[in-house]
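The values are calculated or read from the model by the stated rules, or taken from the named source; none is laboratory data. Quick caveat: nothing in here was measured; it's all calculated off a predicted structure. As a convention, Cβ positions derive from the backbone with ideal geometry for all residues, glycine included, and neighbour counts pool all protein chains shown. In case anyone asks, the SASA skips ligands and DNA or RNA and just uses the protein heavy atoms, side chains included. Shrake-Rupley method; radii C 1.70, N 1.55, O 1.52, S 1.80 Å.
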Amino acid sequence: MITVTLPDGSQKQTARGTTIGDFVRDGIGAGLAKAALFARVNGQDVDLARPLTEDAKLQVFTTKSPEALELIRHDAAHVVASVVQRLFPGTQVTIGPSTEEGFYYDFFREKPFTPEDLEKIEAEANKEIARNLPFVRTEISMEEAIRLFEGKGEKFKVEIVKDIAAKGAKTLTLYSHGDWVDFCLGPHGPTTGRIGVIKILSSSGAYWRGDHRNPMLQRVYGTAFFDKKALQEYLTRIEEAKKRDHRKLGKELDLFHFHPFAPGSAFWTPKGTTLYQTLSNWMRRLTAEQGYVEIKTPLLFNKGLWEISGHWGKYKENMFLVLDNESGEHDFSLKPMNCPSHHLYFGFKRHSYRDLPLRLHTQDVLHRNEAAGSLGGLTRVRQFAQDDAHIYCMESQIGDEVRRFVQFLDHVYNAVGLQYSAKFSTRPEQRLGDDATWDQAETALEGVLKTLNVPYEVKPGEGAFYGPKIDFDVSDSIGRKWQLGTIQLDYLAAQRFDLTYIGEDNAEHRPVVLHRAIFGSFERFIAILTEHFAGAFPAWLAPVQAVIVTVADRQLDYARQVKEQLRAKGYRVELDERGQTLNAKIREAQIHKIPYTLVIGDNEVQAGAVAPRRYGGEDLKSMKLEDFQALLAKEAPLP
RNA sequence: GCCGGUGUAGCUCAGUCGGUAGAGCAACUGAUUUGUAAUCAGUAGGUCGCGGGUUCAAGUCCCGCCGCCGGCCCCA
């Protein structure tokens, strides 16, 4: 007999070799057994069909746990792969993991899937669920596995198996359902029937192993839920989220345009420009408060600069080169980043340790020649401006500067209500500088995250070759994550640009450079904010803070006075003078998500009042104009 | 750049089998003067993304290019 310990601490005895499924049914209850999908035994996730061979801590996962949803999506990926191979003979399988919202499976075949193909796949996959086939786990030797997949002509599978074998694995776990087999660590649910429902969402090309030199695979995206209702809720949520898409709102609220003659570069309307300028002014004020100084540097530089910075060698493909008529060569480039010019600026004069930390802030326009296929809305553009800054400091100041920055960023994101997640990227294999320096740098960055209790994910080896970094991601309306803020330590720049300061010891030292941004880029930040607020910007940021509507034309004279008075105070106010009904004008203001609609009728004219209505419908009732001004005075200033 | 989808009025979209383009909203004009989400009527608006080709005839079929959308790669 062996002892099984349950999550609540209770213990039960069972015969050695009892499967988990049987144990749960006989030892705990039939209800749980029916709902169970997989189990965690001594910390390892396993199938219910696995026997209990030793004393174990056992946790059972049912349809209620998020882990189970992930599991059935993995099950679904297997099912989809099996029906694809049945429907499209000759298609080779590769890999198919679950993702945050569903799963995908990459196939190799000559012809891409058509939308009709995807419908067929979805229908077949759901039939496979109805067949309720058991998932069967077996183990075979690596040699057998290679023979098995070679026999099937699965070249990609063979390649993966060989890689796994090269890492020292002796056996391979196979999972089959029906007559289809794949290798996979598992676990899987008991049967295909437990998946519930599969929805195929889209397909796209994807490079084998993510490398553009490799063959292109056909990726099928899908998702799975325990029941149709949950799927429908998900689909509805996606539809709702699309309404918040900044590209859609950008049109509806008249914020920006794009033209085919300038792909990836926005035209900003007066309203969009207000957003842009308001954020710019806000960041200028904040950086000044934080001890930064703002500078402007040239937009166009000779390649000499890029040769020193290393961009000419490593980043040239992404730079817009400019012809110099005199030399006849493309010797100049629009700057893709501010750092090199900041380094030049630092070098204009001798610096004392007393000057440090020197914090240079710049909001200049940058150009990057991004791949045409990667452009999209305001989140990925070719022309943009960062709230960029470089901090030149002594090594002893790094910790303090990083802490100040993370607090600064937290303040900014909190002020607009953005949730972010931090990623800490450590030393890559190819790197510059000795291990002691890296130790110090990584300790400094991670120490700040720990001290400030910022939850973060470690990305081992993903740091830049010149130093570790922390990135700050925020999700858009359809769940895609975008990097906004970043702070990167750089030990290389000072060397390449021969930057020095005179220390207390009267000797020359190299400063450390911190690259950092909070908005990331104004363009991307505005996109994210637009989706975050669903276009209903708070009063301080809203392009139009109040729109005045009159009940009848006879109040227009007074309404014009109100408009002028509010504008004189610096508020962004419009007057709707169209001869429309009150309802029509109010509707218009609501559609444009204006924070305040000021209704003016005879009562207001007489009382020197306005009747404000908040976006969303809240009627604040008639109040003196001065009272409304006091209200705006609280909400309209930069946070 | 690669794979797929897509492009018709300012916006959202319809346009059948190839037979020379339509609606709603917006705009403009007139009437209406209304108290918290659409007053009524009329007018105007299009080189169907661009360039070739097939055809008696192309928004519609074919080819190329461009843009946009979803991914891949990359990244703020």
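See the values below:
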| quantity | calculated |
| --- | --- |
| Cα centre as origin, Lys/Arg/Asp/Glu Cβ charges: segment A:232-378 dipole, Debye | 480 debye |
| Chain A, Rg to Rh (Cα coordinates; Rh as Kirkwood inverse mean 1/r) | 1.04 |
| Qualifying GluC sites (Glu not before Pro) for segment A:66-126 [loop in DSSP, other Cβ within 10 Å: at most 16] | A:Glu100, A:Glu101, A:Glu110 |
| Cleavage-rule hits (GluC sites (Glu not before Pro)) in segment A:297-373: DSSP loop, at most 14 neighbouring Cβ within 10 angstrom | A:Glu326 |
| Loop sites in segment A:553-639: GluC sites (Glu not before Pro), DSSP, at most 10 other Cβ within 10 Å | A:Glu618 |
| Relative contact order of chain A, defined on C-alpha pairs under 8 angstrom at six or more residues apart (%) | 9 percent |
| Magnitude of the charge dipole, segment A:372-446, Cβ model with Lys/Arg +1 and Asp/Glu -1, debye to 20 | 520 debye |
| Spacing of the two label points (7 Å from each Cα toward its C-beta) at A:Arg237 and A:Asp45, in nm | 1.9 nm |
| Cα centre as origin, Lys/Arg/Asp/Glu Cβ charges: chain A dipole, Debye | 1040 debye |
| 30 Å Cα-Cα threshold exceeded, pairs from A:Lys251/A:Lys563; A:Lys199/A:Lys242; A:Lys12/A:Lys229; A:Lys271/A:Lys296; A:Lys242/A:Lys563; A:Lys228/A:Lys481 | A:Lys12/A:Lys229; A:Lys242/A:Lys563 |
| Full-extension gain in nm, A:Arg567 to A:Lys248, via 0.36 nm per residue minus C-alpha separation | 111.9 nm |
| Cβ-based charge dipole, chain A, positive-most Cα from A:Thr171, A:Leu625, A:Ala611 | A:Ala611 |
| Given charges at Cβ of Lys, Arg, Asp, Glu: chain A dipole, positive-most of A:Gln13, A:Gly102, A:Leu566 | A:Leu566 |
| Carbon/sulfur fraction of accessible area - segment A:82-155, other protein chains in place, 1.4 Å, % | 53 percent |
| Positive dipole terminus of segment A:364-523, leading residue within A:Ala441, A:Gly377, A:His509 (C-beta point charges) | A:Gly377 |
| Under the span-like rule (Cα at least 30 Å along the axis, Kyte-Doolittle mean at least -0.5), DSSP H helices of chain A | A:66-87 |
| Ranked packing of A:343-351, A:489-497, most packed first, by mean Cβ within 10 Å | A:489-497, A:343-351 |
| Segment A:377-428 and segment A:491-522: distance between their alpha carbon centers, rounded to Å | 17 Å |
| Separation between Cα centres of segment A:5-54 and segment A:115-189, rounded to whole Å | 26 Å |
